[in-house]
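Inspection log for the structure reproduced underneath, given as structure tokens.
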Amino acid sequence: MSKAVKTTSPKAAVTKAAQKQPADRLAPFAGSQSPAHNNVLLNRALQTGWVLNKDGDGEKEAAEAIMVQMAAFAPKDAVEGMIAAQAVALHNASMECFRRAMLREQPADIASRMRRDGANLARSMVEMTEALERRRGKGPQVVRVERVVVQEGGQAIVGNVNPKDDSR
């Protein structure tokens, strides 16, 4: 008498194994439930941090700061995590440019360029945060009217219209 052997496809086995996994502990920083994605993204974000000396002093503090910065965005998915990582990298790069611009021995032309580069990076960081807000549906809503037709006998108002306040 032979016993029937139950087989599962590799994809089903992977899915079942993934369901048994606890939520990834790096998800609050990178937004995904994929440990591989979160690990790679967080490591890349950490590599954008600047450590002041070659001995690695301040490396732990820099890593903790970047993790706090990533968590502050509270990414809900992998795309939001990527936007957060880019924004953090842009912020840290802009701050480094501003720091270098203030070095006493920095030539004036280099200091000026550093301030300009820092400002450009800071603007890009703001654009990344605005992109995240738009993605989350919190961005400004714009209604643009292309064409208005007023039929004979009709009236049109051009400008801001506020509802009448009868409480006065």
Inset, instruction - State the number of residues belonging to segment 65-123 that are surrounded by 15 or more Cβ atoms within 10 Å (Cβ to Cβ) and β-branched (Val, Ile, Thr). - result: 3
Legend entry - Residue tally, condition within 27 Å of Ala45 (Cα to Cα), assigned to a helix (DSSP H, G or I), among the hydrophobic types (A, V, I, L, M, F, W, C) and out of contact with any Asp or Glu (no Cβ under 9 Å at 6 or more places or on another chain), over segment 99-110: 1
Legend entry - Residue identified as in contact (Cβ under 8 Å) with a residue 24 or more places away in the chain and either in contact with a Pro (Cβ under 9 Å, 6 or more places away or on another chain) or assigned to a helix (DSSP H, G or I) (or both) among Ala62, Ala89: Ala89
Inset, instruction - Would you be able to tell me the number of residues in segment 96-155 that are within 26 Å of Gln69 (Cα to Cα) and among the charged types (D, E, K, R)? - result: 14
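No lab work stands behind these numbers, since they all come straight from the coordinates. Keep in mind that this is a model prediction, so the values were computed, not measured. Note that we place each Cβ from the backbone using ideal geometry, even for glycine, and neighbour counts take in every protein chain shown.
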